[in-house]
Amino acid sequence: LVARREIIQADRQRARQAFERLVYHVDPRVRLDAVGGLSVVTRSPDVFCRLLLSDSDERVRYTAAMAIEPRTTSSIQALVQALDDPSDKVVQMAAASLGSVGSPEITAHLRKLLSHDSADVVDWVHE
């Protein structure tokens, strides 16, 4: 049983390293798959936060927002910054992730979405 856990841990580490390399691939489809794979093998927010704030592909940013658990200051800050993302879908996913925080400061950020430029975002907030 101990050996099996060690093998699984070693496999997770190798998979994490491979996915972390692939999140910088030129093809956004490869980056998207890498983010999805990475979210299975780790909950570390660093790579997800970086992708959420800087990737050129909306799907990659959306998937990164979905993968972030708002437990650290850096992950919460990244999700708050993503509320200004040009993609309505990314904004909605960031807001959904932040909804579990429940602090007055986060609530204030989410209330600002009621006056968002996009009717889709405003309608989503009302739901």
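The values are calculated or read from the model by the stated rules, or taken from the named source; none is laboratory data. All values reported here derive from a predicted model rather than from experimental measurement. Virtual Cβ from ideal backbone geometry, glycine too; neighbours counted across all protein chains shown. Only protein heavy atoms, including side chains, enter the accessible area calculation; ligands, DNA and RNA are left aside. Shrake-Rupley method; radii C 1.70, N 1.55, O 1.52, S 1.80 Å.
Exactly one residue among V47, V80 is touching a residue at least 12 places away in the same chain (Cβ under 8 Å) and closer than 16 Å to Y24 by Cβ, and that residue is V47.
When each of A82, A96, A78, A65 is tested for being modelled with pLDDT of 90 or more and touching a Cys at 6+ places or on another chain (Cβ under 7 Å), the lone residue that passes is A78.
For region 31-54, filtering for residues that are within 15 Å of A94 (Cα to Cα) and either over 9 Å from the mean Cα position of the chain (by Cα) or not aromatic (F, W, Y) (or both) leaves 7.
Listed here are the residues, each with its yes/no results for (1) in contact (Cβ under 8 Å) with a residue 12 or more places away in the chain; (2) open to solvent by less than 20 Å² (accessible area, probe 1.4 Å); (3) closer than 24 Å to T42 by Cβ.
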site: L52; (1), (2), (3): yes, yes, yes
site: A67; (1), (2), (3): yes, yes, yes
site: V90; (1), (2), (3): yes, yes, yes
site: A95; (1), (2), (3): yes, yes, yes
site: P104; (1), (2), (3): no, no, no
site: H109; (1), (2), (3): yes, no, no
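Of L79, L114, all but one fail to be touching a helix residue (DSSP H, G or I) at 6+ places or on another chain (Cβ under 7 Å) and crowded, with 17+ Cβ neighbours inside 10 Å; the exception is L79.
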